Amino acid sequence: MISVNARPYPFSFDPAHTAVLMIDMQRDFLEPGGFGALLGNDVRPLARIVPACQTLLALARHHGLAVIHTQEAHDPLLADCPPAKKARGRLACGIGDAGPLGRVLVAGEPGADFIPALQPEPGDIVVRKPGKGAFHATALDNILRHRGIRHLLVGGVTTEVCVQSTLREANDRGYDCLLVHDCAASYFPHFHEAVVEMVVAQGGIVGWAAPLSAVQAALEESHA
Ligand code: C5J
C-alpha cells in the first residue's frame, strides 16, 4: 500500500486497485467559445491546472494506475439530455445549438473533445456522461468493479459541479476518493476552496484531499 500525506489523515491505496479519474477536461469547459464561456464564465483560470493534470496522468501511466477520462457530452439527437438541463440558463446558444466550437456539449463536436494537452492515450478509458456526476447513466461503476478498482484519485473541472458530484457519487458507492486539489479548478476560486474543505471536513466525510506533490512523493517513494 502507498500512503499519501493527505487531509484529514493519510490516504492509502494499492496502485493495482486505483484509477486516476480526470473529469471533463474538454474544450467546452476550458476554451473561449465553449459551453463554460457561453454560460458567462471567464475560462482562463481553468487552464492553470493543465500542467499538473498532465503530470498526474503521466505518473498514473508510469506506476500502473488505470486512467479514466470523463466527457460531459450528449448524443446528437439530445435523447440523453433532459429538457430541464437544456433549458437551464436560458442561453441564446445552449446545449445542442451551433456555437463557435460546434454544437454545444454534443459528442463528436470540436467542443466536446478533450483539450489537446490532455488527449486520452491508448489504454486509457473514456466514459461519456450525460450528467454532472460520472456515475449517473454510465457504465463507470461496472468498469471500476470489473477492474477491481476501489480507490480514485480525482482531478478535473469544475470542482464544485462535476468533480464534486462525482466524488459524492463515488463515496456513496464505497470508493475511497482523494481529491488532488491542484489538479482541479473552478470558474469561482472560492467555490474550489470551499469544496476542498467540505470533502475533508467531519473526518473526511466525502473523501481526502492532497496536492499533486504529495501524490508524486508517495508514488516515487514506493519505487525507491
Ligand atoms: C459543468 C462540469 N460545470 N464539468 N460541467 O457544467 O463541471
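Please go through the stretch 6-48 and pick out each residue that is open to solvent by 10 Å² or more (accessible area, probe 1.4 Å) and closer than 18 Å to Pro120 by Cβ.
Arg27, Phe29, Leu30, Glu31
Could you list, in sequence order, the residues of the stretch 32-87 that are of a type in the set (A, V, I, L, M) and in a loop (DSSP other than H, G, I, E, B)? First the steps, then the outcome.
If we filter the stretch 32-87 for residues that are of a type in the set (A, V, I, L, M), which is where we start, we get 37-39, 43, 46-47, 49-50, 52, 56-60, 65-68, 73, 77-79, 84, 87.
Within the stretch 32-87, Leu39, Val43, Ile49, Leu65, Ala73, Leu77, Leu78, Ala79 qualify.
Is it the case that some residue within the stretch 80-90 is modelled with pLDDT of 95 or more, of a type outside the set (Lys, Arg), farther than 25 Å from Asn142 by Cβ and within 16 Å of the ligand (Cβ to nearest atom)?
Yes, the stretch 80-90 contains a residue that is modelled with pLDDT of 95 or more, of a type outside the set (Lys, Arg), farther than 25 Å from Asn142 by Cβ and within 16 Å of the ligand (Cβ to nearest atom).
Looking only at the stretch 3-42, how many residues end up being in contact with a Phe, Trp or Tyr (Cβ under 6 Å, 6 or more places away or on another chain) and more than 16 Å from the ligand (Cβ to nearest atom)?
Result for the stretch 3-42: 3.
Answer yes if at least one residue in the stretch 176-185 is surrounded by 22 or more Cβ atoms within 10 Å (Cβ to Cβ) and assigned to a helix (DSSP H, G or I), and no otherwise.
No.
Would you confirm whether or not the stretch 195-210 contains a residue that is within 12 Å of the ligand (Cβ to nearest atom), surrounded by 17 or more Cβ atoms within 10 Å (Cβ to Cβ) and farther than 30 Å from Ala79 by Cβ?
There is at least one residue in the stretch 195-210 that is within 12 Å of the ligand (Cβ to nearest atom), surrounded by 17 or more Cβ atoms within 10 Å (Cβ to Cβ) and farther than 30 Å from Ala79 by Cβ.
Which count do you get for residues in the stretch 163-175 that are within 16 Å of the ligand (Cβ to nearest atom) and open to solvent by 10 Å² or more (accessible area, probe 1.4 Å)?
Matching residues across the stretch 163-175 total 4.
Quick one: which residue in Pro51, Pro120 is open to solvent by less than 50 Å² (accessible area, probe 1.4 Å) and more than 16 Å from the ligand (Cβ to nearest atom)?
Pro120
Test His151 against the stated conditions and say whether it is free of Cβ contacts under 8 Å to residues at least 40 places away in the same chain and either in contact with an Asp or Glu (Cβ under 8 Å, 6 or more places away or on another chain) or within 30 Å of Leu39 (Cα to Cα) (or both). Give the steps one after another, and end with the answer.
Values: free of Cβ contacts under 8 Å to residues at least 40 places away in the same chain: no; either in contact with an Asp or Glu (Cβ under 8 Å, 6 or more places away or on another chain) or within 30 Å of Leu39 (Cα to Cα) (or both): yes.
In short, no.
Name the single residue that is most open to solvent (accessible area, probe 1.4 Å) among those in the stretch 136-162 being in contact with a helix residue (DSSP H, G or I) (Cβ under 7 Å, 6 or more places away or on another chain) and more than 14 Å from the ligand (Cβ to nearest atom).
Arg150
The values are calculated or read from the model by the stated rules, or taken from the named source; none is laboratory data. Predicted, not measured: the structure shown is a model, and the values here were computed from it. Cβ coordinates were reconstructed from backbone atoms using ideal geometry, including for glycine residues, and neighbour counts include every protein chain displayed. For the accessible areas, the whole protein counts, side chains as well, though only heavy atoms, and no ligand, DNA or RNA atoms are used. Shrake-Rupley method; radii C 1.70, N 1.55, O 1.52, S 1.80 Å.
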